[in-house]
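All remarks here apply to the structure that follows.
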Amino acid sequence: MKIITGVKPGGNPYRIAPIRLHRNRAYFGLFFWILGLTFSGFNASSALGQLENSAPPLLPPNPLEVLIPDPLVPNPPKKNQSLTPEQLRELELALNILDAEASAELAAGNKPAAFTIWYRELRLWRYFGPLPEVRALTRVGTTAWEQQEITALQAIDARLKVIHQEYCLSPQVCELPLLQALAMGFETVRSRDLALTVYQQLLTDARDRNDASAEESILTNMGRLYLEKLDYVNASTPYQGLLSFAVQRRDRPQELSYLEQLAFIYTQANDSQGAIATRQRLVTLYSNPQDIAKIPQLKLAIATDYERLGQLQTAIASYEEAYTFAWTQQQFYIASDALERLARLYTTLEQFDAALEVYEALLIVERRAYNLYGIMHTYDRMGQIYQRQNAYTQAIQAFQNGLEIAQQLKYQETYFTEQIDQLVRRSRPLF
């Protein structure tokens, strides 16, 4: 694809659409068919009704493709010709007046009338060539989005697609400003897939020209659009490119920002390996106190990813690191979370003694944080483990401790009482 700068005026926008001719032929054929049936003894109304019931309904035409003569251009130029510069100047002044009239109608609450005027204005912008037309489409598209005018958005989106197909997907010359305007236009009407397609064309051109500034700007837009689409798998690629630019110019704040964004993206994409590598890199780069405070949460997320990958011994070590960092930072909530996940992992592995040791440490953290609910739930989990080990005395004691907290909180008292009663009955001798 070759891209150059410049604007080529458009041709005559008032060609009769072929679909009209086809419809007229269909109507004439239908007329004579019904007429023949009438003279043959058939009921024409009944026949027409049957035809209407069997045929699919006709979709309303795109208001930007209904090309009718306009008084502002009484003598349209012939094919492959254009208006004179003087005619274009006069027409542009008239189009500005139409835009003002449409805005006034909208302000008065006459939305249908406003967009009817804008449709007329947009049809006339074809005389100026694709670039001015796309800019006009984008301007009206912005208002259509703000007004939630779905019909207008669909019409503008369809026209933008036609322009993109005609000028930028064929072997002929494609204008760089037109590509840039199309990208903005597709974004305006929230046609993100096509916007990304155009940005990919622009990205290829920027790299061919070694324009690093343009490349970085395009990658920023692509990354944002992928995130808006919740397409996290593809979002990682532009952000990796942006990260490389930040590293090259030694922009540490921007590097950290892109790494944090990538950590989020990899997590949403369920890419645990990518998330681990990114977070480990963040841990090594964090140096100021504000950033160091983020390390416990990073360590906890790293441990979770290792567990998800099935690397359980590494996960255990990472949970311990997360707990240690959180304790030193007095982030008791994260310390508690790390110990709870570690104990749950040991329990899954049926390493019950190790799990009980972790729960003992968790009690210390919960008391330090004055978290009575946390203390109560920890005693509950300890009681469950003792019960699995058939250590009924220890299980009863754990549930008794939990009951005392539950009574303070006036919460789950019945549960702990029932657990104790069941264990007492189970631990009684048979004779």
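The values are calculated or read from the model by the stated rules, or taken from the named source; none is laboratory data. All figures in this text were calculated on a predicted structure; none of them were measured in a lab. Cβ: placed from backbone, ideal geometry, glycine included. Neighbour counts: every protein chain shown. Quick note on the areas: whole protein, heavy atoms, side chains included, nothing else; ligands and nucleic acids left out. Shrake-Rupley method; radii C 1.70, N 1.55, O 1.52, S 1.80 Å.
Summary table
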quantity	calculated
Region 262-350, accessible surface, carbon-and-sulfur percent (1.4 angstrom probe)	49 percent
Within region 264-292: backbone nitrogen closer than 12 Å to the T348 label point (7 Å, Cα to C-beta)	none
q = 0.13, 0.16, 0.25 Å⁻¹: log10 I(q)/I(0) that the Debye formula gives for region 322-390, counting C-alpha atoms only	-0.33, -0.49, -1.06
Compactness of region 260-368, expressed as Rg and Dmax over alpha-carbon positions, Å	13.9, 41
Cα centre as origin, Lys/Arg/Asp/Glu Cβ charges: region 179-296 dipole, Debye	260 debye
Formal net charge of residues neighbouring F325 (Cβ-Cβ distance under 15 Å; K, R +1; D, E -1)	0
Sulfur and carbon atoms: percent of accessible area, region 113-203 [1.4 Å]	52 percent
Kirkwood estimate for region 241-310, i.e. one over the average of 1/r between Cα atoms, Å	12.3 Å
5 Å binning of all Cα-Cα separations within region 150-248, expressed as whole percents from 0 upward	2, 13, 23, 22, 19, 13, 6, 2, 0, 0
Around I276: net Lys/Arg minus Asp/Glu count, Cβ-Cβ under 14 Å	0
Heavy-atom surface of region 305-431, accessible at 1.4 Å and reported per residue (Å²)	57 Å²
Sorted peptide list for 235-241, 301-307, criterion being average Cβ within 10 angstrom, highest first	301-307, 235-241
Nonlocal amide H pairs with E175, under 5 Å, H built at 1.01 Å	I4
Selection from T143, Q165, I117 lying farthest towards where the dipole of region 87-191 points positive, charges on Cβ	Q165
Cα-based shape type of region 63-211, given that a ≥ b ≥ c are square roots of the gyration tensor eigenvalues and the cut on a/c is 1.5	oblate
log₁₀ of I(q)/I(0) at q = 0.09, 0.17, 0.18, 0.21 Å⁻¹ - region 196-305, Debye sum with one point per alpha carbon	-0.26, -0.83, -0.90, -1.11
Whole-Å distance, taken between Cα centres, linking region 329-365 and region 81-108	72 Å
Rounded to whole Hz, the Karplus (6.51, -1.76, 1.60) HN-Hα couplings of region 308-314, x for glycine and proline	5, 7, x, 8, 6, 5, 5
Cα gyration tensor shape of region 347-431, rounded if a/c is under 1.5, else prolate or oblate by comparing a/b with b/c	oblate
Ordering of 174-181, 77-84 by packing [mean C-beta count within 10 Å, highest first]	174-181, 77-84
